[in-house]
Amino acid sequence: MRGEAVILVSDHDGWVPISALQHYAFCPRQCALIHVEQVWEDNIFTLRGQRLHAKTHAGGWMDTKDGHVVRGLPLWSEKLGLIGQADVVEFREDGTVYPVEYKSGPRQHRNADEIQLCAQAMCLEEMLGVAVAKGAIYYHGSRRRREVALDKVLRSEVMRVVDEVKEMLANRRVPPPVADERCRDCSLFDACLPFSIKELQKGKEDVHG
């Protein structure tokens, strides 16, 4: 887990935190440990992320030459059952609503961050009654942003992940560990024990095989 601000399911009964979608898309077991088992540990990456998000979630309104920017905007969707907070939302003079998700680490190979951003956009659409076609992910390390098209494919992914997270939470299911390169920097490594569990499972399969 690399620098993700966390809202726990227990804090908002009946609602799924948007951050849980990012956790699940990155690693279903990570999501379950956080939101089912209520396990949380910090490492250098999560501390960096918390410091970055503390600044953006402090809230505030700033006028710009193209419109205005709102930081720490609360988000929700009754249709999806989601709740969360946007790092930054740009309200441009031409009527464009443009969410920006801040990340302390580098771009991930998986689309977990894109799913989180798209879920935020879908909340904004329901809240404001406007279409949100694009957004961006800002990488604090490089001081660069990458624009993301919030197309039908990505929206379908959001819907799939929402359904799977709700099923996992309802059944209090904890998936098996992935035990791959994702585990290296995860703050929950000691709680998850991915490679130890994988070895135990392999040993059982060898015995019964």
Exercise. Over the range 64-198, what is the mean sequence separation of C-alpha contacts under 8 Å (at least six apart), divided by residue count, expressed as relative contact order in percent?
Worked result: 17 percent
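Given the Cα atoms of the range 107-170, and with Rh set as the inverse mean 1/r over their pairs in the Kirkwood sense, what is Rg to Rh to two decimals?
Details: Rg = 12.9 Å, Rh = 12.7 Å.
Rg/Rh for the range 107-170 comes to 1.01.
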For this session: Taking the Cβ of each residue in Leu124, Leu169 as the centre, tally the other Cβ atoms inside 10 Å and list the residues starting with the fewest.
Result: Leu169, Leu124
Exercise. With each label point set 7 Å from Cα along the Cα-Cβ vector, what nm distance links Lys152 and Ala191?
Worked result: 4.0 nm
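Every number here is computed from the coordinates shown, using simple stated rules; none is lab data. As the structure is a prediction and not an experimental result, all values here were calculated from the model. We place every Cβ from the backbone using ideal geometry, glycine too, and count neighbours over all the protein chains shown.
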